[in-house]
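The structure appears below as structure tokens.
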Amino acid sequence: MEHTDLYIDGQWRPGTDGARFDVINPATEAAIASVASAEIADADAALDAAARAMADWAARTPRARSEVLRKAWELMTARLEDLARLITLENGKARADAMGEATYAAEFFRWFAEEAVRADGLITHAPGSGARIIVQHKPAGLAVLVTPWNYPAAMGTRKIAPALAAGCGVIIKPAAETPLTMLALMPLLEEAGVPPGLVNVLPTRQSGKLVAHMMADPRVRVISFTGSTEVGRKLLKGAADQVLKPAMELGGNAPLIVFEDADLDEAVAGAMLAKMRNLGEACTAANRFYVHADVAEDFTARFTAAMAALKLGDGSDPSVDVGPLVNADTRDKVAAFVADAVARGAKVELGGTVPEGPGFFYPPTVLSNVPSDAECVHDEIFGPVAAIQTFTDQDDVIARANATEYGLVAYVFTGDMKRGMQVCERLDYGMVGLNRGLVSDPAAPFGGVKQSGLGREGGHEGMLEFMETQYISASW
Ligand code: NAD
């Protein structure tokens, strides 16, 4: 909580109009910090700083940029415990989840340090004219990065690291619920050698106004957003005015399919990871469980036992597995999903009641016999609730899994790899976990199809989101 002001041009500044807002610890409901709220004049100062810093940064060699990123990884890795503590304080997630996030977040600096020197191009002969076709990639321009509260560190570094590797300057607008972690990262980036102005952080209470203003600045060429599909649609409309390059990581509604030939121990372990990583507050969280009728009873009993063994409490207690949800709205939305499913005939196997406060807690909950018209089957639950349905026919379960506007990630458990691969290829999802409950990896292209997003983060693709392709037709 050392830093609560705006970070512009390598300096800490209160907002121009002095406005501030509170950050709440979701486990205690107590205010833990008062953070400066950026205004239009602050955004302009950040854009000027980023444009100036980028001119020098983009001209540096890829190796020079790479070494700064590598150093950022080293410094972040040395402070994982501190970062995790802060993540838990402002987001609520349990210590193990926070350590997992901090480690994952740091890895983006290492991965993109390695990618910074691999912006491969192409040279070839034009088949008709014999001219040379030269293809190269250039930094796209300033990037505005907008991130959600569920991963206060990782959703930021997954954008900052590739942008810097590509040679871009950035302005990052963290979620108002969780701005402290991103602010705390800035001294580490400074120490790593990131020049003043290249990375700016603008917490604000006026997201819509501030982001729209920055997107209208002709120096900005990329809008990279992670958050809800609803806000993503608005930003895509705004991006059209300046024809910005959009990178959109939006909502999900992940199906998790357990076939009758799956190793059930593996399926339960995978399902626990897919459902309970980050207490279900993840775009990748398994939202709809489809379990083959032959194994449904056995799977539900084992999965419920695993959920029942989790300890709910203040995430800063290291013995706790499941922390509070981020705020009252999120908790109330989860409770409403459960009430709706139960009213439609679902059976509560575990949990399902909101505990006494303070804190925005919701217990690990398992629902079986969930009807397909329940709201939680169509919308993101974003909490520790598993909604189980059964199936008997492979074609039918694939059709049900695909029957959504979302297409981020799906999970499939089967002992038959031929069947597994066939099913994966028929699922309309950007990512599939096959006998795995975790797909996120800095070295892999993370992203969705349909209304789950546009573009990819991580992998080789991640840096290209911040680059433009230039083709030169040459004769000599
Ligand atoms: P959100 O869309 O409400 O907010 C995300 C960010 O956008 C926040 O910083 C917020 O302040 C900002 N914002 C809100 N309105 C805005 C506007 N009009 N203009 C500009 N910025 C605006 O999402 P959230 O509640 O913070 O996060 C949860 C959502 O994020 C879920 O839907 C989840 O699936 C999604 N998510 C997706 C991924 C992914 O990689 N696909 C990862 C994490 C979270």
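The values are calculated or read from the model by the stated rules, or taken from the named source; none is laboratory data. Predicted model, so just to flag it, every value in this text is computed and none were measured. Cβ atoms come from the backbone with ideal geometry, glycine included; neighbour counts cover every protein chain shown. Note: accessible area is taken over every heavy atom of the protein model, side chains too, but ligands, DNA and RNA are not part of it. Shrake-Rupley method; radii C 1.70, N 1.55, O 1.52, S 1.80 Å.
Testing residue 152 on (1) of a type outside the set (Gly, Ala, Ser); (2) open to solvent by less than 10 Å² (accessible area, probe 1.4 Å); (3) out of contact with any Gly (no Cβ under 7 Å at 6 or more places or on another chain); (4) under 19 Å from residue 246 (Cβ atoms), one condition comes back false. Which one is that?
Checking residue 152 against (1) of a type outside the set (Gly, Ala, Ser); (2) open to solvent by less than 10 Å² (accessible area, probe 1.4 Å); (3) out of contact with any Gly (no Cβ under 7 Å at 6 or more places or on another chain); (4) under 19 Å from residue 246 (Cβ atoms), the one that fails is (4).
How many of the residues in region 1-20 are over 17 Å from residue 211 (Cα atoms) and open to solvent by less than 10 Å² (accessible area, probe 1.4 Å)?
0
Looking at (1) open to solvent by 40 Å² or more (accessible area, probe 1.4 Å); (2) closer than 15 Å to residue 459 by Cα; (3) more than 16 Å from the ligand (Cβ to nearest atom), which is the one condition that is false for residue 109?
(1)
When you check residue 349 against the structure, is it in a strand (DSSP E or B), of a type in the set (D, E, K, R) and touching a strand residue (DSSP E or B) at 6+ places or on another chain (Cβ under 8 Å), yes or no?
yes
So that you can scan it fast, the table gives a plain yes or no per residue for (1) open to solvent by 10 Å² or more (accessible area, probe 1.4 Å); (2) over 30 Å from residue 229 (Cβ atoms); (3) among the basic types (Lys, Arg):
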| position | (1), (2), (3) |
| --- | --- |
| 289 | no, no, no |
| 330 | yes, no, no |
| 352 | yes, no, no |
| 357 | yes, yes, no |
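Got a sec? Which of 169, 156, 92 is within 16 Å of the ligand (Cβ to nearest atom), of a type in the set (Gly, Ala, Ser), touching a residue at least 12 places away in the same chain (Cβ under 8 Å) and closer than 21 Å to residue 15 by Cβ?
Exactly one residue qualifies, and that residue is 156.
Search region 404-460 for residues being away from the ligand (no atom under 15 Å from the Cβ), polar (S, T, N, Q) and in contact (Cβ under 8 Å) with a residue 12 or more places away in the chain, and hand back the single one that is farthest from residue 283 (Cα to Cα).
Within region 404-460, the match that is farthest from residue 283 (Cα to Cα) is 414.
Where residues in region 236-250 are buried (at least 23 other Cβ atoms within 10 Å of the Cβ) and not acidic (Asp, Glu), which of them is nearest to the ligand (Cβ to nearest atom)?
250
Results for (1) polar (S, T, N, Q); (2) surrounded by fewer than 19 Cβ atoms within 10 Å (Cβ to Cβ), shown as yes or no for each residue.
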residue	(1), (2)
179	no, no
193	no, yes
201	no, no
204	yes, no
209	no, yes
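Just for helices (runs of 4 or more DSSP H) wholly inside region 380-476: which have at least 2 residues that are under 30 Å from residue 113 (Cβ atoms) and open to solvent by less than 10 Å² (accessible area, probe 1.4 Å)?
461-464
Could you tell me which of the residues 45, 51, 38, 33 is open to solvent by less than 60 Å² (accessible area, probe 1.4 Å), of a type outside the set (Lys, Arg) and free of Cβ contacts under 8 Å to residues at least 40 places away in the same chain?
Among 45, 51, 38, 33, only 45 is open to solvent by less than 60 Å² (accessible area, probe 1.4 Å), of a type outside the set (Lys, Arg) and free of Cβ contacts under 8 Å to residues at least 40 places away in the same chain.
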